[in-house]
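Report on the structure given below.
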């Protein structure tokens, strides 16, 4: 009994001397974990980068510009990705991808070859998806903006042939003519 009283008195004396800046044990265990100890949840862009690395493992370093827009009106944004790297591009341009959420990953609903920027989205829609435009030039064909309509499964893959058509329509710019690119380095496979 004497020990308990002595311990209580010692604790009270120490508590009285405390500056109040050191939290007691209860405060320490109730404190939320800091970001340093928790892994950050992947972002939408992280998911797109992961998709690109899986989809194009042979591409080497990729450069991309990324925009978001809810093209199908379901409340979830699609990712519009303009890829620029020697692996993808030729004299006619580079690919523009339209990716829609598919569970934990993405599904291509547009793999538009030989396109250029700007990429825009129009107010008009076809088969429930908003129409988009990409620029085209080079390769001996006409230059300008091309209207691409969703056919029920995907956007046209080649903007230089029908059903794509030249247009003067102006839409909301998703990817500018001179976009800021992000570099994406391939990940070395530790098992390879």
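With the structure loaded, tell me whether residue 103 is free of Cβ contacts under 8 Å to residues at least 12 places away in the same chain and either within 21 Å of residue 51 (Cβ to Cβ) or surrounded by 17 or more Cβ atoms within 10 Å (Cβ to Cβ) (or both) or whether it fails that test. It is true that residue 103 is free of Cβ contacts under 8 Å to residues at least 12 places away in the same chain and either within 21 Å of residue 51 (Cβ to Cβ) or surrounded by 17 or more Cβ atoms within 10 Å (Cβ to Cβ) (or both). Among the residues of region 126-138, those that are surrounded by 13 or more Cβ atoms within 10 Å (Cβ to Cβ) and over 23 Å from the mean Cα position of the chain (by Cα) comprise 126, 136, 137, 138. State whether one or more residues within region 116-125 are assigned to a loop (DSSP other than H, G, I, E, B) and out of contact with any strand residue (DSSP E or B) (no Cβ under 6 Å at 6 or more places or on another chain). Looking for residues that are assigned to a loop (DSSP other than H, G, I, E, B) and out of contact with any strand residue (DSSP E or B) (no Cβ under 6 Å at 6 or more places or on another chain), one finds none in region 116-125, hence no. Here the helices (runs of 4 or more DSSP H) wholly within region 1-98 that include at least 1 residues being at pLDDT 95 or above and touching a strand residue (DSSP E or B) at 6+ places or on another chain (Cβ under 7 Å) are 44-55. Is at least one residue of region 75-89 within 16 Å of residue 150 (Cα to Cα), surrounded by 15 or more Cβ atoms within 10 Å (Cβ to Cβ) and out of contact with any helix residue (DSSP H, G or I) (no Cβ under 9 Å at 6 or more places or on another chain)? So far as region 75-89 goes, yes, one or more of its residues are within 16 Å of residue 150 (Cα to Cα), surrounded by 15 or more Cβ atoms within 10 Å (Cβ to Cβ) and out of contact with any helix residue (DSSP H, G or I) (no Cβ under 9 Å at 6 or more places or on another chain).
Somewhere in region 143-150, is a residue assigned to a strand (DSSP E or B) and within 19 Å of residue 51 (Cα to Cα)? No, that holds for no residue.
The values are calculated or read from the model by the stated rules, or taken from the named source; none is laboratory data. If you're wondering where the values come from, they're calculated on a predicted model, not measured in any experiment. Note: ideal-geometry Cβ built from the backbone for every residue, glycine included; neighbour counts use all protein chains shown.
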